[in-house]
Amino acid sequence: MEKFRIEGGRRLEGMVRVSGAKNAALPAMAAALLTPEPVRLRNVPRVRDIVTMGRLLAHMEAHVETSPAEPEYVTIRAEKISNAEAPYELVKTMRASVLTLGPLVARTGYARVSLPGGCAIGARPIDLHLKALEKMGAAISTEHGYVEARAPEGGLRGAELRFEKITVTGTENAMMAAALASGETVIENAAREPEIADLARLLITMGAKVEGAGTATLRICGAAELHGATHTVIPDRIEAGTLLVAGAITGGELLLTQCEPAHLTAVTEKLAQAGVVIRAEGGNALRVHNGGPLTAVDVTTEEYPGFATDMQAQYMALMTQAEGASVITETIFENRFLHAQEMVRMGAHISIEGRRAVVRGPVRLTGASVQASDLRASASLVLAALVAEGETVIDRVYHLDRGYERLEEKLGAVGAKIERIK
């Protein structure tokens, strides 16, 4: 099993390019199942979840092509889908496998998808996905750990959908199913994340009619068939946020290129309140540096455009170096403070009270052997290790590899002493 070994106390300085968004690339890959024509995706990050999705699509008899000469391109040709199943063996580590459910039942009339796995950060049921498909006419059954969905004769039908709570993957599944359904589908209380708007742009390029992306109400007019497309995946706002914290926590100065500042407003505003200096340079670059002592600032995670739950662990690492007590409230997942105890082993003063964590700082962190519990927890431990005295060894970094592209190489190029070890 691979680990990171990090020697802390080094100031980061230089330029880092932000990769494409994993959480936008995964639904885009699933959307390729909606058409027999090729879908060419650019700016796709080479992370473990992308590889897993590629294997899943290949299992369904789609052709997934990558090239060493163009590593950020993925071309998918789903000319025929002879196996409309997502087996547990392929998807047990990746929740995004459920995104194949909507496209499969919409195009082939049938789908059998394993209930998803992923990070151990709390329950993330897919009942809202299934209710949406049922309203579009699908017959749903769940047994032996699999969901089976069958479209009615004549295919899925447009419907009025209202999600009881905001769900990103549920919105994406419903959008893709609606793109081939007859008539109009209206989705109320839809997710507003930039990844939703990115998927909408792809579906429009493929021939669907989508209105309202970025708002709580989506309207999709289904098409009889969709065609191929070329699409550029948006930058990864969570990787960008993680790198902003890396620059701030080390007292360094980083220039982030190929990012989208508009997607980072909630994070940059909170960091600015804490004393971090961030300024835009051009249309797609941000410069970050620590302007002096950090001040503790409370934060509450919310659905977009609020502060992302995927940035909560990284923000906690930063707050260990801030003056005062900060209260971090997690409203999205009920079990997302697993990283806190590992930071405590490094010297952090953190107390957990239900869905609230109280962080008191600043403290002197010291290197230790720690263990990652999930994707974003991995990143938070890397950040803590960057500022800790001595050597930190982070175990189970396969979690981090699910969502960060060559993070150790990017950090090493700007001054971190970090290596991957067996």
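Site pair Glu334 and Thr300 shows an inter-label distance of 1.9 nm when each label is modelled 7 Å from Cα along Cα→Cβ. With a Förster radius of 41 Å applied to the C-beta separation of Tyr146 and Lys417, the computed FRET efficiency comes to 0.35. Obtain the nm distance between the two label points defined at Arg46 and Glu188 by a simple spin-label model: each point lies 7 Å from its Cα along the Cα-to-C-beta direction. Roughly 4.7 nm, to one decimal. If the viscosity is 1.002 mPa s and the temperature 20 °C, what translational diffusion coefficient in µm²/s does Stokes-Einstein give for the stretch 259-304 when Rh comes from Kirkwood over Cα pairs? D, rounded to a whole number, is 186 µm²/s. Segment Arg364..Thr217, full-extension length gain: 48.2 nm, with 0.36 nm per residue of separation and the alpha-carbon distance subtracted.
Computed over the chain with a Gaussian network model linking Cα atoms closer than 10 Å, the most mobile of Met94, Met29, Met53 is Met94.
Amide H to amide H, with H built 1.01 Å from N, Thr300 comes under 5 Å of Thr329, counting only residues 5 or more places away or on other chains. In deg cm²/dmol, rounded to 500, what helix-only [θ] at 222 nm does the chain give when every DSSP H run of at least 4 residues adds -39500 (n - 2.57) and the total is split over its residues? The per-residue figure over the chain is -8500 deg cm²/dmol. Dimensions of the stretch 22-232 from C-alpha coordinates, computed as largest minus smallest value along each principal axis and given longest first, are 45, 37, 34 Å.
Comparing Ile350, Ile50, Thr392 along the charge dipole axis of the chain, the residue lying farthest to the positive side is Thr392, per the Cβ-charge model.
Structural size metrics of the stretch 193-287, computed from C-alpha coordinates, are Rg and Dmax of 17.0, 55 Å.
In units of the rule-of-thumb radius 2.2 N^0.38 Å, the chain shows an alpha carbon radius of gyration of 0.98. The stretch between His227 and Tyr73 holds 53.6 nm of extra length on full extension. This uses 0.36 nm per residue minus the Cα-Cα distance.
Looking at Met206, Ala248, Val233, which one has the Cα that reaches farthest to the positive end of the dipole of the chain (charges on Cβ: Lys, Arg +1; Asp, Glu -1)? With unit charges placed on the Cβ atoms, the residue in question is Ala248.
Where a number appears in this text, it was derived from the coordinates with a stated rule and is not lab data. These numbers were taken from a predicted model, which means no experiment stands behind them. All Cβ positions, glycine included, derive from the backbone under ideal geometry; neighbour counts span all protein chains shown.
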